[in-house]
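The structure appears right after this line, and notes come after that.
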Amino acid sequence: MNAGVKFLLILIVSLEISFTLNFWVNVAIIIVSGFYLIYSRLSWQRYALLLLLPILPALGAWTSFTMHSTTENGEQLAAIMITRIIAYIWLGAAFSFTTNMSSFLDTLEQKCYIPTTFIYGLRGALSFMPHIRQEIKTMQQAARMRGIILRSYSPQLLFKAILISLQWAERLSTAMISHGFTENEERTHFLTVHINKRDWLFAFCLLFTLQMIYIFS
């Protein structure tokens with residue numbers, strides 16, 4: 001499925017379950033998301049994360065609604081909230097764990113008409129992330145050789161990382177200008193994004209099925 005269509009579908013579903021209280025709709029979303037995540041063949045660490053991550057918020061929701069609820073249907077509300085939490089987490093994973101961000105940004109630029117400057121800024125940030133992590137490790141090792149321990153939350157480390165990021169951003173801007181990038185000018189694309197009709201049809205079928213479950217449950 002096209003990354004832009006997938007994002008729109010997940011956004012609509014997330015907004016809908018935010019304003020509805022329906023246990024079976026949440027369960028249906030969890031099942032579909034689970035099958036999609038299994039089909040995507042993620043690493044076992046990510047599957048373990050998806051199972052462990054909802055535990056604490058689910059326990060908090062269950063305790064809050066069963067022990068401190070002022071209504072008689074506290075357990076029912078707790079079940080709805082727990083399934084909603086799992087649905088949110090698995091929907092987010094269905095996008096973030098299975099989507100090629102470069103393809104998603106191409107779709108935003110070509111089909112959603114997001115400004116090119118904004119898209120290139122996001123591309124630069126994504127490309128910098130691995131280098132920033134490596135730079136932070138290098139700074140920690142250099143500090144350790146001087147007998148200084150820099151944690152990931154140390155202000156000195158964060159300040160140095162910000163300075164390095166600013167230097168890289170300036171170099172990226174200079175490189176883009178030297179290669180002919182001009183803001184607000186029409187650009188050609190090496191890869192043109194095409195959204196197939198079957199992507200829209202599949203998304204519509206899922207939304208229609210969800211509405212039927214909501215109506216008849």
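Identify the residue in segment 41-66 that is surrounded by 13 or more Cβ atoms within 10 Å (Cβ to Cβ) and small (Gly, Ala, Ser) and, among all such residues, is nearest to the chain's Cα centre (by Cα).
Ala58
Please work out which residue is nearest to Ile85 (Cα to Cα), limiting yourself to segment 35-67 and to residues that are in contact with a helix residue (DSSP H, G or I) (Cβ under 9 Å, 6 or more places away or on another chain) and assigned to a loop (DSSP other than H, G, I, E, B).
Of everything passing the filter in segment 35-67, Pro54 is nearest to Ile85 (Cα to Cα).
Which of the residues that make up segment 75-108 are more than 16 Å from Thr20 (Cα to Cα) and of a type in the set (Gly, Ala, Ser)? Step through it out loud before you land on a result.
First pass over segment 75-108, keeping only residues more than 16 Å from Thr20 (Cα to Cα): 75, 89-108.
Scanning segment 75-108 gives Gly92, Ala93, Ala94, Ser96, Ser102, Ser103.
Applying the selection to segment 98-148, what residues are closer than 30 Å to Phe159 by Cα and touching a Leu at 6+ places or on another chain (Cβ under 7 Å)?
Across segment 98-148, the qualifying residues are Met101, Leu105, Ile119, Leu122, Arg123, Gly124, Ile136, Met139, Gln140, Ala143.
Quick one: which residue in Leu150, Leu105, Leu158, Leu163 is under 27 Å from Val5 (Cβ atoms) and hydrophobic (A, V, I, L, M, F, W, C)? Before you say what the answer is, go through the steps one by one.
Working: Leu150 fails: under 27 Å from Val5 (Cβ atoms); Leu158 fails: under 27 Å from Val5 (Cβ atoms); Leu163 fails: under 27 Å from Val5 (Cβ atoms).
Among Leu150, Leu105, Leu158, Leu163, only Leu105 is under 27 Å from Val5 (Cβ atoms) and hydrophobic (A, V, I, L, M, F, W, C).
Of all residues in segment 91-123, count the ones that are of a type in the set (A, V, I, L, M) and not in a helix (DSSP H, G or I).
Here is the first cut: in segment 91-123, the ones of a type in the set (A, V, I, L, M) are 91, 93-94, 101, 105, 108, 114, 119, 122.
Then keep just the ones that are not in a helix (DSSP H, G or I); that gives 114.
Looking only at that region, the number is 1.
FYI, it's all coordinate maths here, none of it is from the lab. These numbers were taken from a predicted model, which means no experiment stands behind them. Cβ: placed from backbone, ideal geometry, glycine included. Neighbour counts: every protein chain shown.
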